[in-house]
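Read-outs: derived from the displayed coordinates by stated rules, not from any lab. This is a predicted model, so every value here is computed, not measured. Ideal geometry is used to build each Cβ from the backbone, glycine not excepted, and the neighbour counts take in all protein chains shown.
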Amino acid sequence: MTRIRLVNVTKVFGTTVAVDHVNLEIESGEFFTIIGPSGCGKSTTLRIIAGFEVPEEGQVFFNDKDVTFVKPYERGTAMVFQNYALWPHMTVYENIAYGLRLRGLPEEEIKKRVKEVLELVDLVGHENRYPIQLSGGQQQRVALARALVVEPSVLLLDEPLSNLDAKLRLEMREELKNLQRRLGITTVYVTHDQIEALSMSDRIAVMNRGRILQVGKPDELYFRPRNLFVADFLGRSNILDGTVVGPAGEGQLLVHVPSIGADLVMHAYENLRGKVKVIIRPESIVRARPEHNINLIDARVINTMFLGDKLEVRLRVGEASLIAYFPNNERLGVDETIRIHIPPDRVVALEASG
Amino acid sequence: MAGSIASDSLERSYDIRHVLGTGIIAATLYYLLYYVEPVERGSLGPEEALAWLVAILLPLALIARGADVSKVRFSFGWSFAAIISYVYVPLILLLGVPGLPRAVAIAITPLMVAAFAYSLKEFITQYRAMKSKQIRMPLHRRIRSTLYKLDLLLASFLVGGLTILTVFLLIPVLLILWNAFTPPIGQPFYANFKRIFTSYEYVRLIELTPEKPWLFINEGGTRLLLIKGKNYGILLNSMINSVIVTSVATILGIIVAFVLSRYEFPGKRILRVLALIPLFVTPFVNSYAIKLIFGPTGPISRITEILFGFRTQIDGLAGVTLAQIMAFYPIVYLNAYAAFTSIDPSLEEQAENLGARGFKLFRTVTLPLALPGIAAGSIIVFIFSLEDLGAPIVFSERNLMSYAIYQNFINYTGTILPEAAALGFVMLALALVGFLAIKSYVGLRSYAMLSKGGRWKPRSRKLGPLGLAAVYLLLLPLVIFTMMPQLTVTMMALNIVPANTFKIQLGEATLRYFLALFKDPHLFMYVRNTLSYALTAVVLAVTLSIIIAYAVTRTRIRFVTGFLDALSTIPLAIPGLVVALGYYYFFSSVFRGTSLDPTSGPTVFQAWIVLILAYTIRKLPFVVRSVYAGVQQVHENLEEAAMNLGATRRQTVFGIVLPLIVAYVVSGAIVGFIYISTEVSTSITLGAIRPDQAPMTFYMMDVFLGGQLEGIQYVAAMGLLLILFQLIAIIIIIYGLKQSYAFIGA
């Protein structure tokens, strides 16, 4: 299996820097996701790995081989495009068999392998259809089958689920993840959908304006963002201004938050001083119980919204307005005053300028 | 951008109207001076310089004081006027035209100044922005990146396309320039041009022998009104003629297109088909039919005879203008029709919703949105009119640029005067300037395609009784009238209409003339030549088109890609006679003494090779356009998917791209075949050197030049054959390939 390494990769289109000195290490067999808003350079990064673009600066390594200037057809990657890029003049069978034919396999072998992969993506019986006769989900699976059938060492997925409807997307998400785990192919997945990224990935890289802002496991990124962009991009956050009072134990700080009129203990990556931004996830706010002894605040309920799986509550704490998610069986009245608790390891202080 | 400038000078905000106002002041000043002391040619002297100074400095002063002139770039009307001024003002100065035309030039000079100032400002801003953001990459890395994208196949496409177009297009045209600057002994290098721009033969601003554009003559006892038009000299005639033809064709085309695209009435479908009939190209006979229709025996003459007691004949320059209008207006019609139907109806609905109705809606929303498309059609008409040889030869009108150049070829002195080269170059410059001006105008205003993607049902509504009356009493006769030449040609080929008078003799109908094209060995030779040349040239043009279209869409090398793209479209703006001249110079100098040398004599010279090459290059844009549209349809991802799976560029091009663009290639080939089989300019010039290797169009010309009556029936039969080709082509393209894009257009 293949380990991918990007060293200092920069790609420029005219006067825009699409990819700005990106360094990445993707482990062999890993499901790695690059997430970011549209135009952040994530697709370009993927295309550089596939060999469709050459970086103006930096190198791309597969294992320890420099492949920066290796042609796309010599890289052994297989890509699934956002628009699937199925050849409209070929049937499903011909589409899938194309890569195998290029490899000069005997027709018997091709037949066998196409059949296997069609079983894998649950499309047996559709061999002689043309892409235009298939639904979006089926086309997506043909595209996947076409990529998988050549047994690539690297699978590249460029927002493959974005053209599917919500229900199908949910199904495909699970299928794709299972498939990848079973085959153990190094997979790079590009998306702007945080749920996809968080649910499927072993690790995630968050990108913005051509730069990698943070790389980490999904929960790490979610609860411990390293900068404001990551905090804001992944999930919802309450972002408050604060001032550091002093250290409060291992990797923790005591921060004064003037808008809520309280000092909170929280996680911090670095030893920060002065002004900071305080990030609180809505679900990190819980109702206080007797065993809680720090980070306790009184809050007034402004309104509540029943969202089915949870209760969204807008709280007024001092001058600040906070969003909190409570369990869906919680009963709260408007204007009721409640005591809330924020676990110190679920609040993050970030440098104010970040 | 515009807003900020306007708000800066809110107190006294000048805009483009004030700038134009300065021009009107200056022009009035000039005209008053001219009225007091008229000059025949050139300038008034210091008094006039003052007017020019006002027209240049005053607008600059206004701009310096913050006048908002962004309209010269963003308003559809002002920007069009600005582009016209760029062409008109230098021309008037060059030709030394005095009087009212010069006053107009002075009046629109501020517009030109404003446009220039604004573009300069824009360029500087952009340049600075680019410089400040430029990312410097080491040269070897840049080269390596470029080479990475260029595999062997793509590189050879690029180099091959560039080489072929440079050798067979660029060099011949440059050779014309070289010869144009070869003056008669003892004269300055620009002598040829000086003669064209100043001599009485070319520019006739004063009349030595006053002549009337029309006159009555007595002929066989009855009075005949002969309308011939006025001779202003070869250069001015050509320009005036082309401007009139273009303007009238544009207005007619817009009206017909608008009615047919926006209104519902019984018989609309038939009218739409009939309106396409004038598009059928039948060189020479078409003009001859018009000459007959407007001749002493034609329907117009009969009407005037009954009503006013005299017969009418339209001949000479007036005939050329008329024939060209009738032949070329459908080009505008087609483009305008496409433009009107591609406007998103919601844009017009929004305007109506806000209260715009009727002509106001048309003037403020519909026309501006459709104008780029219409302009693209108009410029084609301008170029076609400028280079047309058919009408001048049939109407024996020698005082036109095209005829003047052509005459050099038939002198049979073996050499072509450098003056003809200069004339060819002037013609090329006129066509090219017009083409580029319109192209830049269209490029600026491509918002007609604002909302892409979704197909909509074009707006159309039912006509009221008044509208219906207008359609049936005005539009229907107009359409029927413009298709009469093709109808007449067909009838003449079947001998229903005799060769020299306009009358119908159904009893005389015969297929004899048509069948003779295949039975008579001499006539069949021409048919065979046309067919074999056209087929060969089409194969070459298609191959070249695929190479060029693919290289242009799939490479992004600075200067190189754009240059190849420009080279492949530019033949559209190169008059056929210029190609003929260029090829004459090219093959008689580079291939001197070989069998490709036109001066090597009528037994040695192999005209067919030169003709096929000329056809291929001349008609390339029509084929390229279709293939290019096809390649653009193939999403780059489809190719990347193949290469990602291990396909090389060659395997991708032949396995993925070509199968997907087959329909476009075929329709490009068909359109190419039509244009090549009806080609005139090179066929009757280079082809004339080897009559036994000449195509049909040469024979057609020969008959009209020689004036044999019997031949006219055969020529009409050839016209009918060409009409049949075109009919089949249209049916294949529209019904077989389901591609309904406009046949002609830029």
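Summary table
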read-out	value
Separation of the B:Leu737 and B:Phe216 label points, Cα + 7 Å toward Cβ, nm	5.6 nm
Other protein chain Cβ atoms within 10 Å, averaged over every residue that makes up B:648-661	2
Among B:Pro110, B:Ala339, B:Ile300 - extreme Cα towards positive end, dipole of chain B, charges at beta-carbon	B:Ala339
Relative contact order %, chain A, counting alpha carbon pairs below 8 Å whose residues are six or more apart	16 percent
Eligible aspartates and glutamates near A:Lys115 by straight Cα distance, threshold 17 Å, same-chain separation 8 or greater	A:Glu94, A:Glu107, A:Glu127, A:Glu151
Proxy reagent accessibility, fewest Cβ within 10 Å first, across A:Phe81, A:Phe32	A:Phe32, A:Phe81
Antiparallel content of DSSP bridges confined to the protein assembly as shown, in %, to 5	70 percent
Cα centroid separation - the range A:193-265 against the range B:631-676, whole Å	49 Å
Exposure proxy order (Cβ contacts within 10 Å, fewest to most) of A:Met305, B:Met643	A:Met305, B:Met643
Gyration tensor (alpha-carbon) shape descriptor, the protein assembly as shown, a/c threshold 1.5	prolate
For chain A: rounded, prolate or oblate by the Cα gyration tensor [a/c cutoff 1.5]	prolate
Nearest-20 debye value, the range A:155-237 charge dipole, Cβ charges on Lys, Arg, Asp, Glu	300 debye
Overall dimensions of the range B:226-337 by Cα: Rg and Dmax, Å	15.9, 48
Dipole of the range B:569-723, positive direction: furthest Cα of B:Leu620, B:Leu660, B:Ala641, with charges on the beta-carbon	B:Ala641
18 Å Cα-Cα reach of A:Lys71 towards aspartates and glutamates, excluding residues that sit fewer than 8 places from it in its own chain	A:Glu53, A:Glu56, A:Glu57, B:Asp151, B:Glu636, B:Glu639, B:Glu640
Size descriptor, Kirkwood hydrodynamic radius, that averages inverse alpha-carbon separations across the range B:151-198, Å	13.1 Å
Built amide H within the under 5 Å cut-off of B:Thr312, gap 5+	B:Leu225, B:Ser301
Whole-number D in µm² s⁻¹ for chain B, Kirkwood Cα-pair radius fed into Stokes-Einstein, 20 °C, 1.002 mPa s	76 µm²/s
Partner lysines for B:Lys212 [C-alpha distance under 26 Å; skip if fewer than 8 residues away on the same chain]	B:Lys228, B:Lys230, B:Lys291
Computed magnitude of the charge dipole of chain B (debye, nearest 20; Cβ of K, R +1, Cβ of D, E -1)	1920 debye
Distant-in-sequence amide H partners of A:Thr2 (H built 1.01 Å from N, under 5 Å)	A:Gly29, A:Thr186
Taking B:Leu354, A:Leu228 and counting other C-beta atoms within 10 Å, the order from fewest to most	B:Leu354, A:Leu228
Whole-Å distance, taken between Cα centres, linking the range B:579-602 and the range B:160-239	24 Å
Hz values of 3J(HN,Hα) by residue in the range B:487-498 - Karplus curve (6.51, -1.76, 1.60), Gly and Pro given as x	5, 5, 4, 4, 5, 5, 5, 9, 6, 6, 10, x
Sequence-distant residues sharing a close amide H with B:Asp15 (under 5 Å, placed H)	B:Asp68
Integer Hz, Karplus 6.51/-1.76/1.60 couplings in order for the range B:593-606, x for Gly and Pro	x, 8, 6, 9, 7, x, 8, 7, x, x, 9, 8, 4, 9
Rel. contact order, % - alpha carbon contacts under 8 angstrom, at least six apart, the range B:612-746	24 percent
Trypsin sites (Lys or Arg not before Pro) within the range A:248-354: DSSP coil, no more than 12 neighbouring Cβ in 10 Å	A:Arg273, A:Arg331
Shielding by other protein chains, B:633-641, mean Cβ within 10 Å	6
DSSP bridge orientation in chain B - percent antiparallel, rounded to nearest 5	45 percent
Subset of A:Lys11/A:Lys217; A:Lys42/A:Lys65; A:Lys11/A:Lys167 violating a 28 Å alpha-carbon distance limit	A:Lys11/A:Lys167
Global geometry of the range B:563-669, whether rounded, prolate or oblate, following the gyration tensor of its Cα atoms and the 1.5 cut on a/c	prolate
Relative contact order (%) - chain B, alpha-carbon pairs under 8 angstrom, separation at least six	15 percent
The protein assembly as shown, dipole about Cα centre (Lys/Arg Cβ +1, Asp/Glu Cβ -1), debye to the nearest 20	680 debye
Leading residue at positive end of dipole, the range B:133-291 (Cβ point charges), from B:Gln187, B:Ala155, B:Ile244	B:Ala155
Length added when fully stretched, B:Leu91-B:Ala61, from 0.36 nm per residue minus Cα-Cα	8.3 nm
In Hz, Karplus ³J(HN,Hα) per residue of the range B:320-333 (6.51, -1.76, 1.60; θ = phi - 60°; x = Gly, Pro)	4, 4, 4, 4, 5, 4, 5, 7, 9, 4, x, 5, 5, 3
Pairwise label distance in nanometres, B:Glu636 with B:Phe359, each label 7 Å out on the Cα-Cβ vector	4.9 nm
